[in-house]
Amino acid sequence: MSWIILVASGMLEAVWATALGESKGFTRVGPTIVFGVALALSMVGLAYAMREIPTGTAYAVWVGIGAGLTIIWAMLTGAETASVIKIVLVLGIVACVVGLKLVSDAGA
């Protein structure tokens, strides 16, 4: 269950990171509210997951998921240009997240 919550929290990290950019320095109310709610939920989920998953692994997975999804969303919406190298690098982040999950289970 901790891994499911960690993945959901990582996804919420992408939501709050995107909303933070859209808030234009907290001058737009809607994105600012989305940022605050997603941030709080993401942190609560991360804290919960860290009860069973080692801190380093949980944090790296959380950041990896959030960063990867944030970049993918930005490329899909045109906020950031897509390129083959960026896609390969995002796949590298995904591979590292999967690797940490596999290593974590193997060591348990």
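Bear in mind these aren't lab numbers, they're just calculated from the coordinates by the rules spelled out. These numbers were taken from a predicted model, which means no experiment stands behind them. Note: ideal-geometry Cβ built from the backbone for every residue, glycine included; neighbour counts use all protein chains shown.
³J(HN,Hα) across region 65-77 via Karplus (A = 6.51, B = -1.76, C = 1.60, θ = phi - 60°), whole Hz, x for Gly/Pro?
Each residue of region 65-77 in turn: 5, x, 5, x, 5, 5, 5, 4, 4, 4, 5, 5, 8 Hz.
So, with +1 on the Cβ of K and R and -1 on the Cβ of D and E, and no other charges, what is the size of the charge dipole of the chain about its Cα centre, to the nearest 20 debye?
140 debye
Which of A49, A67, A8 sits farthest toward the positive end of the charge dipole of region 2-107, with +1 on the Cβ of Lys and Arg and -1 on the Cβ of Asp and Glu?
Farthest along the dipole direction, towards plus: A67.
If packing is taken as the mean number of other Cβ atoms within 10 Å per residue, what is the order of 73-83, 56-66, highest first?
Highest to lowest by the protection proxy: 56-66, 73-83.
Between W3 and L91, what length comes free when the chain is fully extended (0.36 nm per residue of separation minus the Cα-Cα distance, one decimal in nm)?
Extra length from W3 to L91 when fully extended: 29.7 nm.
If you take the C-alpha gyration tensor of the chain, multiply each eigenvalue by 5 and take the square root, what semi-axes do you get, largest first, in whole Å?
25, 20, 7
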